Amino acid sequence: MDNLKKIDFNSLARKQKSIQIRMRLLALAHFQGGKSRTQIAYLLKVSRTSVNKWVKTFLEEGLAGLRIDIWFQNEAHFSI
């Protein structure tokens, strides 16, 4: 929990180009500010399950755990 207090998640979020990473960092900023996971999900318009996963992953793995799967970034989705 000490790591949570030392990181400026809002500053990190502003520097991110990836929306997915930005959302995860904003969720952590709200969590750091004392909001409940339900409140965070409502504010960010995401599922509570996602918020739970992001917070749990951060607490267990730190910032490295917030990465996006590489296959998802590289996969192109086109329909004809």
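The values are calculated or read from the model by the stated rules, or taken from the named source; none is laboratory data. Everything quoted here is computed from the prediction, not taken from an experiment. Ideal geometry is used to build each Cβ from the backbone, glycine not excepted, and the neighbour counts take in all protein chains shown. For accessibility, only protein heavy atoms count, side chains too; no ligands or nucleic acids. Shrake-Rupley method; radii C 1.70, N 1.55, O 1.52, S 1.80 Å.
So how many residues does region 8-18 have that are part of a helix (DSSP H, G or I) and either open to solvent by 50 Å² or more (accessible area, probe 1.4 Å) or modelled with pLDDT of 95 or more (or both)?
As a first pass, look at region 8-18 and keep what is part of a helix (DSSP H, G or I): 9-15.
Applying the additional criterion that residues be either open to solvent by 50 Å² or more (accessible area, probe 1.4 Å) or modelled with pLDDT of 95 or more (or both) yields 10, 12, 14-15.
Looking only at that region, the number is 4.
What pairs come up if the first residue lies in region 40-58 and is among the basic types (Lys, Arg), the second is in a helix (DSSP H, G or I) and open to solvent by 50 Å² or more (accessible area, probe 1.4 Å), and their beta carbons are under 8 Å apart, counting only those six or more places apart or on different chains?
Qualifying pairs under 8 Å: ARG48/ARG37; ARG48/THR38.
So, restricting to helices (runs of 4 or more DSSP H) that lie completely within region 19-80, which ones have at least 1 residues that are modelled with pLDDT of 90 or more and touching a helix residue (DSSP H, G or I) at 6+ places or on another chain (Cβ under 9 Å)? Before the answer, list the steps.
Numbers: elements: 19-32, 37-44, 48-61, 70-74.
Output list reads 19-32, 37-44, 48-61.
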